[in-house]
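Structure first, commentary second.
Each reported figure results from applying straightforward, stated rules to the coordinates on display, with no laboratory input. Since the structure is predicted, the reported quantities are computational estimates derived from the model, not experimental observations. With ideal geometry, Cβ positions are generated from the backbone for all residues, glycine too; neighbour counts draw on all protein chains shown.
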Amino acid sequence: MAQTAEKPQAESRLELLNEALGSGAFLQIRRMLNGLPPVDAAHLIESTPQKVRGVLWQLVDTENEGDILQHLSDEVQSQFLRHMDAEEVAAITEGLETDDIADILQQLPDRVIREVLESMDHQDRVRVEHILSYDEDSAGGLMNTDTITVRPNITLDVALRYLRRHEELPAMTDSLLVVNRNDQFIGSLSLRKLLVSDPSVTVREIMDTEVEPIVASMPARDVANLFERRDWVSAPVVDDNQLLLGRITIDDVVDVIREESDHSLMSMAGLDEDEDTFASVMTTAPRRAIWLGINLLTAFIASGVINLFEGTIEKVVALAVLMPIVASMGGVAGTQTLTVVIRGMALGHISRNNSRWLINREVLVGLMNGLLWALIVALAASYWFNDPLIGAIIAAAMVINLITASLAGAILPLVMKALNIDPALAGGVVLTTVTDVVGFMSFLGLATYFYA
């Protein structure tokens, strides 16, 4: 219900913003932008064309720029950052969490990153450099170095007094991280246990030693899967020697899940997950042209197959009418399988042990659906063209193509992953080529054989 209520509210804000822009009420716009929570202000800025964004950004108060900037997409962030010098970037990122600063700096050239880091105080610089040393799509790139640690031999009373010395706890703090003298992670102490347990007992007596820390090199996708399965709010991050490096919180994991979802959706169309909805024509057109060109090449391959049977098509005109049905049905069946397999891979469900079962299942599903719809299409084609032979030919071609499509849809993602190719990005194009070529070849090849 809350999500449903937020949507009309966001649309209402956007309407008010557009009305204010149309009337030139910039004072009203300034109040609106700076009075909203940073995430809502960022949403409004992203919902406007590029030229308008520049105007809106000028109306944001300096003290709010960093908070709003961290909620913008990478592409929109880079649009604003490219016009800032190192001093401006350092000023607007002051006070942000280290992982958010690192995310922002990754949009900048190396020279500017060095200048921004040099302008920071030593402690902040070391923390940010530590995060930047890891791949941004790894646990190390996601983590925040702001943690609260305790030793196992102190009493809970001492731990509570230590906490009261802090002005505030880091966001999403649900537990204290327990480390030994070498700063190696050995367990966690839940705040719930800390608050209700006898103050005289030691941390060692009630800490949880079964918590498995996340290794800094773990891919972000695997981190998100762990958080989902175990309902974590935060989790410690360690190096290969169990040295505590920081922690990952649920808000960063939600961003990973959203980015993975965007990636899967946009990659099916050959687009970047950071594609700006309101990017300029000159930015958008070249990006889309690349995949249109690749698709054109694959279309020529399918057309070349059709051209091989030009003589048969001239003799039996009905073939030209029925050809798209075979290719279309194969394309849909293959896409269904491809989507299921890519999703399974993203969730970590598919491995060598179960991939063969999955492939067999998809082939059988393709066979069953192929037989069902082949019968229906055969009856329809026979009645339409008053030719039982053409009905039998299209039925056989459809069964062949649906089985091939299901097989290709299951195997292609596995092969591409083994070759370090993104299945979501290239799988659809390859699959379409396979289903078109096999569909036309089987249909026209059978027709040539029987009608010759």
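Worth pointing out:
- Cα-projected label distance for Ser328 with Gln50, points at 7 Å along beta-carbon direction, nm: 3.8
- Trypsin sites (Lys or Arg not before Pro) within the range 94-197: DSSP coil, no more than 14 neighbouring Cβ in 10 Å: Arg165, Arg181
- The ranking of Ser133, Ser355 by Cβ neighbour count inside 10 Å, starting from the fewest, reads Ser133, Ser355.
- Paramagnetic reach from Asp157 (point 7 Å along Cα→Cβ, amide N under 18 Å) across the range 203-234: 203-206
- Computed E for Arg165/Thr209 - FRET, C-beta separation, R0 30 angstrom, nearest 0.05: 0.70
- Cα lying deepest toward the dipole's positive end in the range 25-142, options His130, Val39, Ala86, charges on Cβ: Val39
- Each of Leu156, Leu191 has some number of other Cβ atoms within 10 Å of its Cβ, and from fewest to most they run Leu191, Leu156.
- Two-site FRET efficiency, Leu195 against Asp239, from Cβ-Cβ distance with R₀ of 25 Å, rounded to 0.05: 0.20
- The region of the chain that goes longest without hitting one of the GluC sites (Glu not before Pro) in a DSSP loop, each with at most 15 other Cβ atoms within 10 Å, is 211-452.
- Pairwise label distance in nanometres, Asn295 with Val254, each label 7 Å out on the Cα-Cβ vector: 3.4
- Within the range 149-267, percent of DSSP bridges classed antiparallel, to nearest 5: 75
- Net lengthening on full extension, Glu136/Glu310 (0.36 nm per residue, minus Cα-Cα): 57.3 nm
- Tilt relative to the chain, helix 220-230 - C-alpha long axis, 0 to 90 degrees, to 10: 80
- About the Cα centre, charge dipole magnitude for the chain (Lys/Arg +1, Asp/Glu -1 at Cβ), debye: 1800
- One chain, two ends: Leu27 and Thr283. Fully extended at 0.36 nm per residue, the span grows by 89.0 nm beyond their Cα-Cα distance.
- Cut-off 12 Å between beta-carbons: net charge of the residues surrounding Val112, Lys and Arg +1, Asp and Glu -1: -3
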